[in-house]
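Some notes on the structure that comes next.
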Ligand code: SF4
Ligand code: SF4
Ligand code: FES
Ligand code: FES
């Protein structure tokens, strides 16, 4: 069995990287190797995981500097003998080892507008056409791994922006509400200044790392930015609204 | 509990082991070459010819050359502000130059040098919101460029024919059209801004247009580079022919 050279962050912020050699077999993912490390050499290693199938979003970490899911990173992707650095998410406060406190995300989630559904049809049912909803199905694939939040330089390099910036995962959620065919929120509730959309400079790192392959920038952020332009920066649209009225939900 | 910044500094600038700098450096260099070339050519430094037989450099299409402009004035100045503004505010080009030139960030999970960051919320970057207005102008340029391409098959005095220059100008018009059609603002305007596609026949049609724009939009980066190269190559080729450096292969006898 080959050996993997791991460099794993140990301890809290006063901690350090510790080198380990761990045996692994073909077909393993990094999370398997971390589990073997835990079972054989480092019984107190803290690591969060749940499904080992890329669906629970718990095992996010930074492997060789890239934010990824440990359970979806195959050992074959490394050159044999290469040192594999396993670090916790760096944007969020560290608790211990590979576990960070991601509760900032939960607080942001509470500020998100809820769907306000329009009144049901006469028979008591609500109806949506497939062509109105299919654009949003991609957004529901989000597993809340917060890898996109971690990689986003707006907060990664400038934590002071956490006050006013919701982050890519929540722009996906905002787009989901904003584009919903039955939603009755006024446009301002979903594209308003409050969420820091204008801090995003569409450099697309969130899209690059999303394990669910959600086109966060092209399908959520840019459409929201364009909706913001409609609301705030388009004098032609504003004039049309003044003259003909309406314009909130189309 | 620890703050993110402390963790950040402790961990250093990046732990990435791949060649993350390659793409921003290569794209930035390519873009810089184009900017320098198009500035020199656009201001018509050296007063070289930009018209050869039936061909007119796309930098000058449509040719506006009134008599009141001073000697040094290049007619391309009437044209180039539009594609310049369009590309400078394009969502793809923003990604590229924020990474390559502003290092904001240079690559994902690589720390950036700037102390403060306000993104596109403040001047000057808030001006990016004007992109759709440049789009409107760029849309007008599509027929103009096709007109220039069509004209390149008609040699005054001789009539219909074809040359290498005509093929280049057709390819250029096509690539610029595809770049413009894939624009994210256009995607919003044709249908992306709607929440109900199924409501009327008109909105159903707009959904179809949205689908079409989406196809071009998915390759927006590729169209952006292909059209940037093609417009530069068209100008260079026509100038080389016009100034006698090379001969255009064509079916005409007088040119
Ligand atoms: S595209 Fe915007 S939201 Fe996504 S990582 Fe970049 S700055 Fe953050
Ligand atoms: S959008 Fe993608 S990267 Fe972000 S939390 Fe959801 S699944 Fe994870
Ligand atoms: S363990 Fe569930 S996503 Fe990795
Ligand atoms: S987004 Fe690139 S041209 Fe509009």
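The values are calculated or read from the model by the stated rules, or taken from the named source; none is laboratory data. Quick caveat, the model's predicted, so the values are computed rather than measured. Reconstructed Cβ throughout: ideal geometry from the backbone, glycine too, with neighbour counts over all protein chains shown.
Quick notes on this one:
- When residue A:152 is tested against (1) facing chain B (nearest Cβ under 10 Å); (2) within 29 Å of residue A:49 (Cα to Cα); (3) modelled with pLDDT of 95 or more; (4) more than 13 Å from ligand 2 (Cβ to nearest atom), only condition (4) is not met.
- Some residue of segment B:168-187 being within 14 Å of chain A (Cβ to nearest Cβ), without any contact (Cβ under 8 Å) to a residue 60 or more places away in the chain and farther than 22 Å from residue B:80 by Cα: yes
Residues checked against (1) over 27 Å from residue A:154 (Cβ atoms); (2) assigned by TED's automatic domain parsing to the domain that holds residue A:14; (3) surrounded by fewer than 21 Cβ atoms within 10 Å (Cβ to Cβ):
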residue: A:62; (1), (2), (3): no, yes, no
residue: A:70; (1), (2), (3): no, yes, no
residue: A:82; (1), (2), (3): yes, yes, yes
residue: A:96; (1), (2), (3): no, yes, yes
residue: A:119; (1), (2), (3): yes, no, yes
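- Residue that is nearest to ligand 3 (Cβ to nearest atom) [pool: residues in segment A:65-75 that are at pLDDT 95 or above and out of contact with any helix residue (DSSP H, G or I) (no Cβ under 6 Å at 6 or more places or on another chain)]: A:69
- Among the residues here, residue A:71 does not qualify as more than 14 Å from chain B (Cβ to nearest Cβ), away from ligand 1 (no atom under 16 Å from the Cβ), within 30 Å of residue A:196 (Cβ to Cβ) and in contact (Cβ under 8 Å) with a residue 12 or more places away in the chain.
- For segment A:100-117, the criterion of a residue being over 20 Å from the mean Cα position of the chain (by Cα), more than 16 Å from ligand 1 (Cβ to nearest atom) and buried (at least 18 other Cβ atoms within 10 Å of the Cβ) is satisfied by no position.
- Verdict on residue B:210 being at pLDDT 95 or above and within 11 Å of chain A (Cβ to nearest Cβ): yes
- Being more than 10 Å from chain B (Cβ to nearest Cβ), closer than 26 Å to residue B:134 by Cα and surrounded by fewer than 17 Cβ atoms within 10 Å (Cβ to Cβ) is a condition met by no residue of segment A:196-214.
- Verdict on residue A:113 being more than 10 Å from chain B (Cβ to nearest Cβ) and in contact (Cβ under 8 Å) with a residue 40 or more places away in the chain: yes
- Of residues in segment A:55-64 being in contact with a helix residue (DSSP H, G or I) (Cβ under 9 Å, 6 or more places away or on another chain) and within 14 Å of chain B (Cβ to nearest Cβ), the one nearest to ligand 3 (Cβ to nearest atom): A:60
- If the condition is being under 13 Å from residue A:229 (Cβ atoms) and within 7 Å of chain A (Cβ to nearest Cβ), then segment B:188-199 contributes B:188, B:192, B:193.
- Of all residues in segment B:180-200, those satisfying the criterion of being within 18 Å of residue A:136 (Cα to Cα) and buried (at least 22 other Cβ atoms within 10 Å of the Cβ) are B:184, B:187, B:188, B:191, B:192, B:197.
- Any hit, segment A:155-162, residues being within 16 Å of ligand 1 (Cβ to nearest atom), part of a loop (DSSP other than H, G, I, E, B) and more than 9 Å from every other protein chain (Cβ to nearest Cβ): no
- If you go through segment B:112-160 and keep only what is facing chain A (nearest Cβ under 10 Å), more than 24 Å from residue A:233 (Cα to Cα) and in contact with a helix residue (DSSP H, G or I) (Cβ under 7 Å, 6 or more places away or on another chain), you end up with just B:112.
- Exactly one residue out of B:117, B:93, B:98, B:147 is more than 16 Å from ligand 4 (Cβ to nearest atom) and either under 25 Å from residue B:178 (Cβ atoms) or loosely packed, with under 14 Cβ neighbours inside 10 Å (or both): that is B:147.
- Listing of helices (runs of 4 or more DSSP H) fully contained in segment B:153-255 that carry 1 or more residues being touching a strand residue (DSSP E or B) at 6+ places or on another chain (Cβ under 6 Å): B:164-181, B:220-242
- Among residues of segment A:16-38, those that are touching a residue at least 40 places away in the same chain (Cβ under 8 Å) and under 15 Å from residue A:99 (Cα atoms), counted: 3
- Residue check for residue B:26: within 30 Å of residue A:65 (Cα to Cα) and away from chain A (no Cβ under 14 Å): yes
- As a summary of the residue check, residue A:191 satisfies the conditions (1) away from ligand 1 (no atom under 12 Å from the Cβ); (2) buried (at least 23 other Cβ atoms within 10 Å of the Cβ); (3) facing chain B (nearest Cβ under 8 Å) except for the one numbered (3).
- Members of segment B:87-102 that are more than 8 Å from chain A (Cβ to nearest Cβ) and in contact (Cβ under 8 Å) with a residue 60 or more places away in the chain: B:87, B:90, B:92, B:93, B:96, B:97, B:100, B:101
- Hits in segment B:34-51 (condition: under 27 Å from residue B:96 (Cα atoms) and not in a helix (DSSP H, G or I)): B:43
- Some residue of segment A:175-183 being away from ligand 4 (no atom under 16 Å from the Cβ), more than 23 Å from residue A:127 (Cα to Cα) and either free of Cβ contacts under 8 Å to residues at least 60 places away in the same chain or surrounded by fewer than 21 Cβ atoms within 10 Å (Cβ to Cβ) (or both): no
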